[in-house]
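Student: The structure follows.
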Amino acid sequence: RMPPVASAASAPRVAARPSALRRDHPRSRTTATTKPRASSAEEGVRASPSVSPLPDFASATAVVWDVDGTLADTTDLGFASTNAVLLEASLPTITLEQYLRGTRYATPQRLAWHATGDIDDPSGEALGAAFDEHYIALVDDRTAGFFPGIRDLVRRIASGKSQAVLSNACGEYARKVCDANEMIDAMAAVVGADEVPDVKPSPLGLLSLCSSLGWDPATCVYVGDSPSDGVAAKGAGMMSVGCTWGSHDANAQRGRFDALVDTVEELEALLLGR
C-alpha cells in the first residue's frame, strides 16, 4: 500500500501548467473517466468533473494535510486496533474492506458504524476512546510511517509555504504520527477532530484551524484521501487535492476534490509547480 514514486530517470518533473492539466478534464476528453497511468507528473493529474479550470495550486500560501492515508500509511495499524477493540467489547470483527469504508468518518462515528451500522449510536464514544488509547500506544515510524516520498515533499514545501495538519483522528494521535516521522516541526499546527468545532465533512475544523493561524482559506490547499476531506475543503473555500494511494480510490473521490493524483511526484507538480 504505497504510492508509486517516480524516479528522476523514468519520470522527469514537468511544470504543472494549468492549461496543460486541463486537457484531462472530462468535459474535453471522453476518456477522462478512466484512471490514466502517468508517463509524467503532469499527465497523471485529473481535474474533478465539477471543476474547470484547474486551480493554481502552486500559488497557495499554505498546505494543510490529512494524516491517515495521505501522509502516513496506517491501514494495518488502524485495522488491527479496530478489531482488537471490537473483540474486547465482545463485538463481531470487521473485514479490511469494511475498515477502509469506515475511514471517512471520525473515530467515534466509525466505531459506532462498525459496531451497530449507525454512526450516531452512543456506543461510539466509549469504543472510540478505547481505540484511541490502543493505537496511540502503538504509533512509531514503522506502524505509522509516512508514505515513500512524502517526507521529502514536506521538507521541500516547508522552504516556501506554511503547513499544518487536520485529522479526523484525535489530536494526540496526529501529533504522535508527525513526531514519529520527524515532521512535527514542519507544521504550524497539528490538530485532531477532538480539538475543532466539528469533524469532517464539516468545514468548521478547517476554518477554525485557518482562523487560529491567521490564514486565508482561499489561499490554502487541503490534501486528503477521503471524500469527506474534499467536501470539507470545498465548504471552507479551500483548494483541494485527493490522493489515490490512501483508503479511497479515484472512483470514491471523483467529484469531491479539485484534482486527483496517483503519485507523490504528481502531487509535488501541483503544489510546487515543478
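The values are calculated or read from the model by the stated rules, or taken from the named source; none is laboratory data. Because the structure is predicted, anything quoted here is derived from the model rather than measured. Don't worry about glycine lacking a Cβ; one is built from the backbone with ideal geometry, like all the others, and counts go over all protein chains shown. We work out accessible area using only protein heavy atoms, side chains counted, and drop any ligands, DNA or RNA first. Shrake-Rupley method; radii C 1.70, N 1.55, O 1.52, S 1.80 Å.
Student: Taking the solvent-accessible surface of protein heavy atoms with a 1.4 Å probe, what is the per residue accessible area of the stretch 120-274 in Å²?
Tutor: I get 37 Å² per residue for this part.
Student: Estimate the FRET efficiency between T116 and L213 by the formula 1/(1 + (r/R0)^6), using the beta-carbon distance for r and 30 Å for R0, to the nearest 0.05.
Tutor: Efficiency at R0 = 30 Å is approximately 0.20.
Student: For an R0 of 35 angstrom, estimate the FRET efficiency from the Cβ-Cβ distance between A158 and A129 and round to the nearest 0.05.
Tutor: Efficiency at R0 = 35 Å is approximately 0.55.
Student: Something else: By how many nm would the segment from I184 to R142 grow when fully extended, if each residue of separation counts as 0.36 nm and the alpha-carbon distance is taken off?
Tutor: So the extension gain works out to 13.5 nm.
Student: Under the rule of at least 5 residues apart or a separate chain, name every residue whose amide H is placed under 5 Å from the amide H of V191.
Tutor: So V191 has HN proximity to V165, L166, S167.
Student: OK, next. Using only protein heavy atoms and a 1.4 Å probe, report how much of V241 is accessible, in Å² to the nearest 10.
Tutor: Number for this one is 0 Å².
Student: Provide the solvent-accessible area of S59, counting protein heavy atoms only and rolling a 1.4 Å probe, rounded to the nearest 10 Å².
Tutor: The value for S59 is about 70 Å².
Student: I'd like the trypsin sites (Lys or Arg not before Pro) in the stretch 50-119 restricted to DSSP loop residues with at most 11 other Cβ atoms within 10 Å, sorted by number. Walk me through the intermediate numbers first.
Tutor: Values: sites: R101, R104, R110; in loops: R104.
Answer in residue order: no site qualifies.
Student: Using alpha carbon coordinates only, what is the Rg to Rh ratio of the stretch 50-119, with Rh defined as the Kirkwood radius?
Tutor: 1.16
Student: In whole percent, how big is the carbon plus sulfur part of the accessible area of the stretch 141-263, probe 1.4 Å, protein atoms only? Mind dumping the intermediate values first?
Tutor: Values: 1980 of 4360 Å².
With neighbouring chains kept in place, the figure for the stretch 141-263 is 45 percent.
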